[in-house]
Amino acid sequence: MIDPKEKSTGLSPLLSGASVAEIGGGLFLDGRLALVDPEARWLALSDLHFGYEANRRREGGLWPMWGMETIATRLEGLVRDWQPDTLVLVGDIVDGTAAPDEAIAWLARVRDLAPRLILIEGNHDRGPIRRAFDWVESWQIGDIVFEHGHLNRAAPVQGRRVRGHLHPSVNLNDGSGTRLRLPALVVEKTSNGAAEIILPAFSPWAGGARHPGTEGRALRRWACSPQRVFEVIE
C-alpha cells in the first residue's frame, strides 16, 4: 500500500528525470539509490559491489560484463545532478579481489568527482584496492554517523546512523499474482528519536531482502525506482 500522504514522490525536472522523496530530517532519497543532504552537501550510497560479474565469471559463471559500467554511469549522473562537496561510499564498494585493475582505475576516477571522497570499509572490500586508497571504519558529520554495518555494532541511542550491508527491498503485488521487488531504504526510530537509516544496495545485481524491523522501533520503508520513490505502508 502506498501512503496517500507521501511527499515529493513525483518526477523532478531538475534531476535528469530521477525521482526524489524527502524522508525527514533534511534528507532526500534519490530513486537512483542514493541518500542526499542538500544543505550539508553530501551524497551517500552503499553496496556497489563493483566487479561482481567478474567474480562470478572467475568462478565459472556465464555473467554479462555490464554491471561495472552501469555503476559508473549512474554514480556520475548523481554527482553531476547534486554537486556534493562530500561523496560517501558506505562499504562493499568492490566485490572482493576480482577485477583489481578495473576497480582501482574506476575508484581513481570517482575520487575526482567530488572535492572529498569518504571510503568506508565493508566486508567485501579486500585485496589491492585496500592498499591503493585510504579507508575508514566510520565517518561522522553533524549528528549522523556512517558505517557499513557488518560489524554488528549496537544501534545508536541518540543521533542518526546511516549504514548498508543488508540490501533491503520491498515486494509489491497486485493481488492477482503479479509481483515486483524493488530496492528500498529503511528507517528505524527509537522512542527517544534516535534513527537507523539502512541504504538500498547500489549494485544492479543486488536482489535484496525484506527487512523485518527491530522490536521496539518504529519502521518506515521507501521503495526506489528510476521513475518514482514512494513510502510503502504495510
Provide the per-residue ³J(HN,Hα) series for segment 177-190, in order, calculated from phi with Karplus coefficients 6.51, -1.76, 1.60 and θ = phi - 60°, each as a whole number of Hz, with x at glycine and proline positions. x, 7, 10, 9, 10, 10, x, 9, 9, 10, 10, 10, 10, 8
Contour minus Cα-Cα distance for Val145 and Arg109 (0.36 nm per residue): 10.4 nm
If you average the sequence gap of Cα pairs under 8 Å that are 6 or more apart and divide by the length of the chain, what percent do you get for the contact order? 23
If one takes the longest principal axis of the Cα atoms in the chain, at what angle in degrees, from 0 to 90 and to the nearest 10, does the Cα axis of helix 100-111 lie? 60
Listed with the fewest Cβ neighbours within 10 Å leading, Glu53, Glu39 appear as Glu39, Glu53
Ranked His49, His148, criterion: other C-beta atoms within 10 Å, fewest first: His148, His49
Interchain or long-range residues, amide H under 5 Å from Gly122's placed H: Asp92, Ile93
For Phe50, the residues 5 or more places away or on another chain with a placed amide H closer than 5 Å to its own amide H are Val94, Asp95
Principal-axis tilt of helix 67-82 within the chain, Cα atoms, nearest 10 degrees: 60
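Taking the Cα centre of the chain as origin, sum charge times position over the Cβ atoms of Lys and Arg (+1) and Asp and Glu (-1), and report the length of that vector in debye to the nearest 20. Walk me through the numbers before you get to the answer.
Working: 27 positive and 30 negative charges, 49 e Å.
About 240 debye.
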Output ³J(HN,Hα) for segment 114-129: one whole-Hz value per residue in order, computed from phi by the Karplus curve 6.51 cos²θ - 1.76 cosθ + 1.60 with θ = phi - 60°, and x for Gly and Pro. 9, x, 9, 10, 10, 10, 9, 6, x, 6, 9, 7, 9, x, x, 5
Most exposed first by the Cβ proxy, i.e. fewest other Cβ within 10 Å, how do Ile141, Ile71 rank? Ile141, Ile71
What is the extension gain from Ala155 to Thr214, computed as 0.36 nm multiplied by their sequence separation minus the C-alpha to C-alpha distance, in nm to one decimal? 20.2 nm
What is the set of long-range amide H partners of Ser169 at a cut-off below 5 Å, with H atoms built 1.01 Å from backbone N? Ala184, Ala209, Arg210, His211
When DSSP beta bridges are limited to those with both residues in the chain, what percentage is antiparallel, rounded to the nearest 5? 65
Let's test this: bin the Cα-Cα distances of the chain at 5 Å from zero up to the farthest pair and state each bin's percent. 1, 7, 14, 19, 20, 17, 12, 7, 3, 1, 0
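Here, each number is a calculation from the coordinates, and none is a lab measurement. The shown structure was predicted, so the numbers you read here are calculated from the model rather than taken from an experiment. Positions of Cβ are generated from backbone atoms using ideal geometry, with glycine treated the same way; all protein chains shown enter the neighbour counts.
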